[in-house]
Amino acid sequence: MKEGNSKKVLLIIPSRIMVRGIEGVFNDLGEFRVEGILSDISRTSETRLKNMDADIIIIDPIVFDYATRPVGRSVIAEYSDAAVVALQTAVMEDDLWKQYDEVINVYDSPATIIKKMRSALTSRLDVPKSDSHELSTREKEILICVAKGMLNKEIADLYNISIYTVITHRKNITRKTGIKTVAGLTVYALLNNLIDSSAVE
């Protein structure tokens, strides 16, 4: 694949050995290329993150402190629309990995890593970035779940999507409707005949 067509990758990984290994895999296969390397999430890193037009970010969640780790994907989303792949270098709670578009393991083969990278990019394309004020079919489904009192994790499990994708849909719903509260969204769903009053807890 020509360099112009390869996807730009930003690495946020403290280990230089891991960085070199990932660069080696990408250099051999050509589909992805490392455009930038950060060793942590600091003020300087956040500025670089905002200014980098990466297609995909590979991050070792170890860069987040213990309190931030469960919402690490959302932290990245504040600075970049890129797909985010977690690099699993340590044992952490299962729920922590579910927020990411994909998870690569240090023991994955190069072919598996590339497959997961493609999968992460595809999952990001499934999250619509629409300027329309009309709710998409998926946004209506999410809105109905919110109105029924379901939590983000329950919605993610129901539709087999990441919690981050649910949060993105909810942000889009809020932006399109101008309604920020669950109660307000419930009223909206009722008024637009998306749910029946008997469905609301």
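Among the residues of the stretch 124-145, just one is touching a Lys or Arg at 6+ places or on another chain (Cβ under 7 Å) and at pLDDT 90 or above, namely Ile142. Of all residues being part of a helix (DSSP H, G or I) and basic (Lys, Arg) in the stretch 165-185, which is surrounded by the fewest Cβ atoms within 10 Å (Cβ to Cβ)? Just the residue, please. Among those that are part of a helix (DSSP H, G or I) and basic (Lys, Arg), it is Lys171. Scanning the stretch 78-102 for residues that are of a type in the set (A, V, I, L, M, F, W, C) and more than 9 Å from the chain's Cα centre (by Cα) yields Ala86, Leu87, Ala90, Val91, Met92, Leu96, Trp97. Screening the stretch 143-162 for residues that are touching a Ser or Thr at 6+ places or on another chain (Cβ under 9 Å) and under 23 Å from Leu121 (Cα atoms) and picking the one that is surrounded by the fewest Cβ atoms within 10 Å (Cβ to Cβ) gives Tyr159. Restricting the first member to the stretch 32-61 and to residues that are hydroxyl-bearing (Ser, Thr, Tyr), and the second to residues that are at pLDDT 90 or above, the beta-carbon pairs closer than 6 Å and six or more apart or on different chains are Ser39/Pro14; Ser45/Leu38. Within 16 Å of Glu102 (Cβ to Cβ) and either modelled with pLDDT under 85 or not hydrophobic (A, V, I, L, M, F, W, C) (or both): is that true of Pro70 in this structure? No; evaluated as a whole, the condition is false for this residue.
Could you list, in sequence order, all residues of the stretch 1-45 that are part of a loop (DSSP other than H, G, I, E, B) and either farther than 21 Å from Val106 by Cβ or β-branched (Val, Ile, Thr) (or both)?
Within the stretch 1-45, Met1, Lys2, Ser6, Ile13, Gly30, Ile41, Ser42 qualify.
Taking the stretch 142-164 as the range and being touching a residue at least 40 places away in the same chain (Cβ under 8 Å), closer than 20 Å to Lys176 by Cβ and part of a loop (DSSP other than H, G, I, E, B) as the test, only Lys148 passes.
Given the criteria at pLDDT 90 or above and within 30 Å of Ile22 (Cβ to Cβ), does Lys98 qualify?
The answer is no for Lys98.
Is the stretch 99-116 home to any residue that is under 28 Å from Gly184 (Cβ atoms), crowded, with 18+ Cβ neighbours inside 10 Å and not assigned by TED's automatic domain parsing to the domain that holds Asn193? Yes, there is a match, as at least one residue in the stretch 99-116 is under 28 Å from Gly184 (Cβ atoms), crowded, with 18+ Cβ neighbours inside 10 Å and not assigned by TED's automatic domain parsing to the domain that holds Asn193.
Of all residues in the stretch 165-198, those that are within 26 Å of Ser74 (Cα to Cα), in contact (Cβ under 8 Å) with a residue 12 or more places away in the chain and of a type in the set (Val, Ile, Thr) total 8. Of all the numbered requirements in (1) over 19 Å from Lys116 (Cα atoms); (2) under 20 Å from the mean Cα position of the chain (by Cα), Ile17 misses one, and that requirement is (2).
The values are calculated or read from the model by the stated rules, or taken from the named source; none is laboratory data. The shown structure was predicted, so the numbers you read here are calculated from the model rather than taken from an experiment. Backbone-built Cβ (ideal geometry, glycine too); neighbour counts: all protein chains shown.
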